[in-house]
Each structure stands twice: as structure tokens, then as C-alpha cells.
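Notes to accompany the following structure.
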Amino acid sequence: MRTTLFVLVATSILAGCASTPRGNAIADNSNTLRENEGVVVICRPSALVASAIAPDVLLNNALAADVSNGSLVEIVQPAGKVNVIFRHSTFNDPAYKGRNSFGIDTTVNSGQKRYLVMAPNLNSFVVLPIAGWIASGMSLTWQVAEADESVVRQQCGSYKPLRVRF
């Protein structure tokens with residue numbers, strides 16, 4: 001009984017960490033591309049910093065998936081210019097004013113994969129003595145950059161990809 005309960009709790013926790021299709025995107029287990037389609041591959045290496053945050057991914061303003069900590073997401077979409085935006089509801093907090101989203105513009109040709117790597121970044125850690133108290137704060141920002149396939153394989157190669165299609 002105790003083992004069963006442990007397995008159920010562990011499975012529930014791990015299931016909550018998986019990336020999922022969002023909006024009108026659907027999971028796609030095929031490896032085929034139709035004519036005039038390309039793939040945007042998003043690698044998010046596992047990291048302790050901001051591990052609970054799973055930003056939504058929007059391609060050309062269409063919600064496609066969320067990207068959880070330690071995940072690899074492949075988004076099949078029409079070839080052409082792509083505006084990739086990452087957004088999370090916690091960024092709507094006034095403390096994150098001006099930082100509610102981040103992204104990159106890229107182009108995906110027919111039959112091509114465009115690789116992106118994203119990661120959180122702690123910009124600064126400040127310690128200030130104020131009236132006998134110690135105040136500290138961090139500035140959390142995100143980075144996303146285009147990468148070679150070899151970089152994505154090195155950082156996210158062990159992750160099972162979630163493939164979604166519009």
C-alpha cells in the first residue's frame with residue numbers, strides 16, 4: 001500500500017513537469033513533414049534556477065506548447081519567417097514589469113529544422129545592509145538563441161521530444 005501510494009505521488013509530480021501541446025496545436029507522433037513545412041526545435045536544459053516556470057511558446061502569436069524544465073519540443077509549422085515568443089503568467093506580476101515575454105525572430109525553410117536553446121539567467125545578486133537588516137535580491141531574465149543541432153543534442157539529447165503540429 002505504501003509503495004503504491006509513493007508511485008502514484010511520484011508519477012503525478014513527474015507528469016506535471018512534462019511539456020504539453022497548447023492552443024490549437026496537437027501532439028504528432030509522426031516524423032513526416034508535408035510540403036512547405038519546417039520544424040522549430042526548442043531545447044530547455046534542466047536547471048535548478050526557475051525550474052518551476054514553464055513558459056508558453058507562441059509561434060507567430062499562435063499558442064503552441066509550454067516548455068518545462070528539462071524538455072525538448074519540436075513544433076511543426078509552415079515554412080517561412082517565424083516569431084517565437086516565450087511567455088509565462090508569473091511575468092504578469094508587477095515585479096516583472098517589462099519582462100513578461102522574450103523571444104527571437106528566425107526563418108524556417110521547407111524541410112528544415114531550426115534549433116533554439118533557452119535558459120534562465122540570474123543577472124545579479126545584491127546584498128544591502130538596511131537598518132540592521134540584510135536585504136538581497138536577484139534579477140531573473142531569460143535567454144534564447146539559435147544553436148547548431150550538435151549543441152541541442154549535447155544539452156537535450158537524452159530528453160524524449162514532444163512533437164506538436166498546427
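Quick note: the coordinates plus some simple rules give every number you see, no bench work behind them. All of these numbers come straight from a predicted model, not from anything done at the bench. Neighbour counts run over all protein chains shown; Cβ positions are idealised from the backbone, glycine included.
Table for the structure above
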| quantity | calculated |
| --- | --- |
| Neighbour-count ranking [beta-carbon atoms within 10 angstrom, fewest first] of Asp28, Asp105, Asp66 | Asp105, Asp28, Asp66 |
| For Gly38, distant residues with modelled amide H under 5 Å away | Gln77, Ala79, Gly111 |
| Per-pair calculated FRET efficiency, R0 = 35 Å: Ala119 and Arg34 via Cβ, rounded to 0.05 | 0.65 |
| Residues Tyr159, Tyr115, sorted so that the one with the fewest Cβ neighbours within 10 Å comes first | Tyr159, Tyr115 |
| Packing-based exposure ordering (other Cβ within 10 Å, fewest first) of Ile104, Ile42 | Ile104, Ile42 |
| Additional length obtainable on full extension of the chain from Gln143 to Ala47, 0.36 nm per residue less Cα span | 33.2 nm |
